[in-house]
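Read the structure below first, then the notes.
The values are calculated or read from the model by the stated rules, or taken from the named source; none is laboratory data. Not measured: the values here are computed from a predicted model. Heads up, the Cβs are rebuilt from the backbone with ideal geometry, glycines too, and the neighbour counts pull from every protein chain shown.
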Amino acid sequence: MLRYLLLSILTGLVLSTAIPVWAGSVRGTVILPEELKIGRRFLGHWRIENTTVGVQPAPARGDTVVLLVGPKTETLAPKNTPVEIIGMQASPATVVVGEGAVVEFRSTDKVAHELYVPGRPDIMEPQYLTAGSVRKQRFGVEGEYVVRCRQFPHITISVIVTRSPFFATTDEKGGFKLLDVPDGPATLKVWSNGRWVHESAIEVTPKGVDLNIRVAAPSKEASEP
């Protein structure tokens, strides 16, 4: 009798852990103003001496990311995340990582790039990244960091360090989808072109949520580097 009782309890525990209580999905479209669709914050030109460098176009939407914070769930595990600088552009231009993750910066350009986080040498001090080399940088504190190139300021890489596993990069039309989100209140944030451009409170329901997020045009002060 006791054996069957223990077996029933164990079966119930396995089923309760194997079938999590998920609400559904959060999906929608992010509509950016024209000022944020160019994919570059700096529109100048820089002269490169004694070499030929192929230039890649900037990402059409500035690598826009949707992040959901608030739902109680497992934290985002840290892992190595690659970023490649090729054709004087960073790909991807925005990465979302867990606390303690290592971002691997690689370059195939013929010129060196001095990468750093302005004003935060404790996070990432200035250091040259030469062609074919790799710089491994750990980001251990939750927050948002914009890595810049001292020589070519149009090259920026946004590193968002978060505990939330609910994030997505929008597609070319601004669409996004977040799956298996627990029900309840949450805060939805949109990152684009190196800064947060939208934040709103939402209520996740078992039926899911469909959103049309229209981002307001940035102020003159916010648009300036």
Checklist entry - Taking into account only those residues within region 105-139 that are aliphatic (A, V, I, L, M) and more than 17 Å from residue 153 (Cα to Cα), which is surrounded by the fewest Cβ atoms within 10 Å (Cβ to Cβ)? => result 134
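Counting just the residues of region 156-187 that are touching a residue at least 40 places away in the same chain (Cβ under 8 Å) and of a type in the set (Asp, Glu), which one comes out nearest to residue 136 (Cα to Cα)?
Let us first name the residues in region 156-187 that are touching a residue at least 40 places away in the same chain (Cβ under 8 Å), namely 156-170, 172-187.
Filter once more, so that each one left must be of a type in the set (Asp, Glu): 172, 180, 183.
On the way: 172: 30, 180: 32, 183: 37 Å.
Checked region 156-187; the qualifying residue nearest to residue 136 (Cα to Cα) is 172.
Does region 172-181 hold any residues that are at negative phi and either part of a strand (DSSP E or B) or modelled with pLDDT of 95 or more (or both), and which are they?
Passing the criteria: 175, 176, 177, 178, 179, 181.
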Item to check | Of residues in region 165-201 being touching a helix residue (DSSP H, G or I) at 6+ places or on another chain (Cβ under 9 Å) and buried (at least 19 other Cβ atoms within 10 Å of the Cβ), the one farthest from residue 67 (Cα to Cα) | outcome: 193
Checklist entry - How many of the residues in region 81-104 are of a type in the set (Gly, Ala, Ser) and not in a strand (DSSP E or B)? => result 4
Checklist entry - Does region 141-164 hold any residues that are of a type outside the set (Val, Ile, Thr) and surrounded by fewer than 18 Cβ atoms within 10 Å (Cβ to Cβ), and which are they? => result 142, 143, 144, 150, 151, 153, 163
Next on the checklist: Any residue that is part of a loop (DSSP other than H, G, I, E, B), touching a Gly at 6+ places or on another chain (Cβ under 9 Å) and at pLDDT 95 or above - is there at least one of those in region 145-162?
Outcome noted: yes
Checklist entry - When region 81-104 is examined, which residues are found to be surrounded by fewer than 16 Cβ atoms within 10 Å (Cβ to Cβ) and among the hydroxyl-bearing types (Ser, Thr, Tyr)? => result 91
Item to check | All positions within region 99-138 that are touching a residue at least 60 places away in the same chain (Cβ under 8 Å) and more than 12 Å from residue 86 (Cα to Cα) | outcome: 99, 101
Next on the checklist: What's the number of the only condition in (1) in contact with a Ser or Thr (Cβ under 9 Å, 6 or more places away or on another chain); (2) aliphatic (A, V, I, L, M); (3) at pLDDT below 95 that residue 95 fails to meet?
Outcome noted: (3)
